[in-house]
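**Student:** Quick one: the structure is below, and I'll ask about it shortly.
The values are calculated or read from the model by the stated rules, or taken from the named source; none is laboratory data. No experiment lies behind these values; they were computed from the predicted model shown. Heads up, the Cβs are rebuilt from the backbone with ideal geometry, glycines too, and the neighbour counts pull from every protein chain shown.
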Amino acid sequence: MGESTQAKRLTVAIDGPSGAGKSTVGRALARRLGYLYIDTGAMYRAVALKVKEKALVLGDESKLSALVSSLHITFVGKGRETTVLCNGKDVTKAIRSPEMSRLASDISRKKVVREALVRKQREMGTGGGVVLEGRDIGTVVFPDAEIKFYLDAETEERGRRRFKELVEKGVKVDFNDTLEEVRKRDHSDKNRAISPLRKAEDAFFIDSTGRTVEEIVEEMVQRVMARQRKDETSHR
C-alpha cells in the first residue's frame, strides 16, 4: 500500500535530459506512492518503432498522424520493471536501441506527433495518482501539476549510465560514441522548436550525480508529502 493512500493523489512531473535517471527514479517513486508510472519517452520510442516497421517517411504528416492515432500504448508494472505495450504487443526491449533513440528524437520534433501523444498523456494522467517523466511534462503536458522535479546529472555520468544500460542489454557500443550520442540528444532536445527541454520555473532541481536512487526517491517522497500536507491544510 502506497504512502499516499489517505491523501489526495497528485500529478507528479519529472523532466530532464537523457541519462539523468528519470525512468529508474520515476518507477521507484511511483512504487513508493502507489501511483501509476508513465514513461512518455517510451511513447515516442513506440511511435518510432512503428514508423520503422511501416517504413513511413517522416515528412508525410498525414500518414504519421494516422499512425499515431491508431496506436494504443499502455504501461504495466511488474515488480521493479515496467512493460510497454503497443497495440497489445510487448515492445519494451525493441524500443530501447540507439536507433530507436535517434528516431524518437527526430519524431518528437513533429507537431502532429507531439499533439497526439500529449493528448494521450493527459488522458492517462487525468485524476492524479500518476508519476510522468519526460522532457516537457511540467512545461507543456501538465503545466499545472501539483509537484514538479527537474532531474539532471553531469554529461559524462549520463553517458556512462547510458553505456552501462546498453551493454547490460547486450548491445555492442563504444563509450565515446554513446557519450557523443547523449550530447547530440541534449542539443536536439533543448533546441527543438516545439516543446524544447527546459526546467519549469516551479520545479525542484535535483542533481543525481553521485547519488543513489534511494536518496533521490526519498527526497522526492518528502517533497510530495509536504505538498499533500499543504493541500490538506488549505482545504480545511
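**Student:** If LEU29 satisfies all but one of (1) in contact with a Phe, Trp or Tyr (Cβ under 8 Å, 6 or more places away or on another chain); (2) assigned to a helix (DSSP H, G or I); (3) free of Cβ contacts under 8 Å to residues at least 12 places away in the same chain; (4) not aromatic (Phe, Trp, Tyr), what's the number of the condition it fails?
**Tutor:** (3)
**Student:** Same structure again: Just a yes or no: is a residue in segment 165-184 acidic (Asp, Glu), out of contact with any helix residue (DSSP H, G or I) (no Cβ under 9 Å at 6 or more places or on another chain) and modelled with pLDDT of 95 or more?
**Tutor:** Let us first name the residues in segment 165-184 that are acidic (Asp, Glu), namely 165, 168, 174, 177, 180-181.
This time we only want the ones that are out of contact with any helix residue (DSSP H, G or I) (no Cβ under 9 Å at 6 or more places or on another chain), so: 168.
Next cut, modelled with pLDDT of 95 or more only: none.
No: segment 165-184 contains no residue that is acidic (Asp, Glu), out of contact with any helix residue (DSSP H, G or I) (no Cβ under 9 Å at 6 or more places or on another chain) and modelled with pLDDT of 95 or more.
**Student:** Then there is this: For VAL131, only one of the following conditions fails: (1) under 16 Å from the mean Cα position of the chain (by Cα); (2) surrounded by fewer than 16 Cβ atoms within 10 Å (Cβ to Cβ). What is its number?
**Tutor:** Every condition holds for VAL131 apart from (2).
**Student:** Right, here's the next one. Taking segment 55-79, which residues are surrounded by fewer than 11 Cβ atoms within 10 Å (Cβ to Cβ) and basic (Lys, Arg)?
**Tutor:** Residue satisfying the conditions is LYS78 alone.
**Student:** Condition (residue is free of Cβ contacts under 8 Å to residues at least 12 places away in the same chain, in a loop (DSSP other than H, G, I, E, B) and on the phi > 0 side of the Ramachandran plot) applied to segment 187-198: is it met by at least one residue?
**Tutor:** So far as segment 187-198 goes, no, none of its residues is free of Cβ contacts under 8 Å to residues at least 12 places away in the same chain, in a loop (DSSP other than H, G, I, E, B) and on the phi > 0 side of the Ramachandran plot.
**Student:** Okay, next question. Considering only segment 218-227, I want to know if a residue exists there that is within 28 Å of ALA94 (Cα to Cα) and either basic (Lys, Arg) or out of contact with any His (no Cβ under 6 Å at 6 or more places or on another chain) (or both).
**Tutor:** no
**Student:** Keeping to segment 153-191, report how many residues are closer than 28 Å to LEU33 by Cα and crowded, with 20+ Cβ neighbours inside 10 Å.
**Tutor:** 3
**Student:** Take the residues in segment 78-98 that are outside any strand (DSSP E or B) and modelled with pLDDT under 90, then tell me which one is farthest from TYR44 (Cα to Cα).
**Tutor:** GLY79
**Student:** If you scan segment 81-122, which residues turn out to be of a type in the set (Lys, Arg) and under 25 Å from VAL182 (Cα atoms)? First the steps, then the outcome.
**Tutor:** Start the filter on segment 81-122 by keeping residues that are of a type in the set (Lys, Arg), which leaves 89, 93, 96, 102, 109-111, 114, 119-120, 122.
The answer is LYS93, ARG96, ARG102, ARG109, LYS110, LYS111, ARG114.
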